[in-house]
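Chemist: Below: one structure in structure tokens.
The values are calculated or read from the model by the stated rules, or taken from the named source; none is laboratory data. Note that the structure is predicted; figures quoted are calculated from it, not measured. Positions of Cβ are generated from backbone atoms using ideal geometry, with glycine treated the same way; all protein chains shown enter the neighbour counts.
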Amino acid sequence: MRGVLTVIVARAKMHDRNRKGRNMKMIRRELLYLAGLAAAIPMSKIAWAQAQAGPKLIQILRKDLEGQGQTVQETVVSVVDFGPGTAAPWHMHPGAQELLHVIEGNLVVEIEGNGKTSLQTGEAGIIAADLVHLARNESANTTAKALVVHSRAAKDKPLMVVVNK
């Protein structure tokens, strides 16, 4: 992205130096070039995101709780992006409850021994601590995004443990 901005700034400076001798055809050509660069940047990000093998987790908050009698020691807030057809592995959260709120697309949450639940945009579900589960995007062509909140009582345990099935 930085390289593209450098090219745009360099082209703008060149345009200023040569402004007197240019005609409208050259200006249009430069505008088309810059518009092409701007259009290519978002598409390359989309292609890169779709090439990823599994969901992408971005942690947006991790804070110890205060004044709660330490029943819950820490809350971790994340956003998870699920590309088309991707799934989290079977896993559990030792001592941590999970709240999953779908903010884009649809997800299927499966809890071992409890079956499947479909969550659509705007819906949420809670997964109790220590339950083996997974979430997946069953769509072949649309992405899904979820806000995930883990509230855990024991910070000394790992937040997530992958379970081989």
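Chemist: Would you check which residues across region 102-138 are outside any loop (DSSP other than H, G, I, E, B) and β-branched (Val, Ile, Thr) and list them?
Modeler: VAL102, ILE103, VAL108, VAL109, ILE111, THR117, ILE126, ILE127
Chemist: Out of curiosity, is GLU104 modelled with pLDDT of 95 or more and either buried (at least 17 other Cβ atoms within 10 Å of the Cβ) or touching a strand residue (DSSP E or B) at 6+ places or on another chain (Cβ under 7 Å) (or both)?
Modeler: Spelling it out, GLU104 is indeed modelled with pLDDT of 95 or more and either buried (at least 17 other Cβ atoms within 10 Å of the Cβ) or touching a strand residue (DSSP E or B) at 6+ places or on another chain (Cβ under 7 Å) (or both).
Chemist: Could you please find all residues in region 46-73 being under 20 Å from ALA146 (Cα atoms) and at pLDDT 65 or above?
Modeler: The answer is ALA53, GLY54, PRO55, LYS56, LEU57, ILE58, GLN59, ILE60, LEU61, ARG62, LYS63.
Chemist: Next question. From the residues in region 80-97 that are modelled with pLDDT of 95 or more and in a strand (DSSP E or B), which one is surrounded by the most Cβ atoms within 10 Å (Cβ to Cβ)?
Modeler: Only one residue fits best here, namely PHE82.
Chemist: Oh, and also: So, in region 139-154, exactly how many residues are part of a strand (DSSP E or B) and touching a Gly at 6+ places or on another chain (Cβ under 8 Å)?
Modeler: Count: 3.
Chemist: Here's something else I'd like to know. If you scan region 109-131, which residues turn out to be surrounded by fewer than 16 Cβ atoms within 10 Å (Cβ to Cβ) and within 16 Å of ARG152 (Cα to Cα)?
Modeler: Answer for region 109-131, where residues must be surrounded by fewer than 16 Cβ atoms within 10 Å (Cβ to Cβ) and within 16 Å of ARG152 (Cα to Cα): ILE126, ALA128, ASP130, LEU131.
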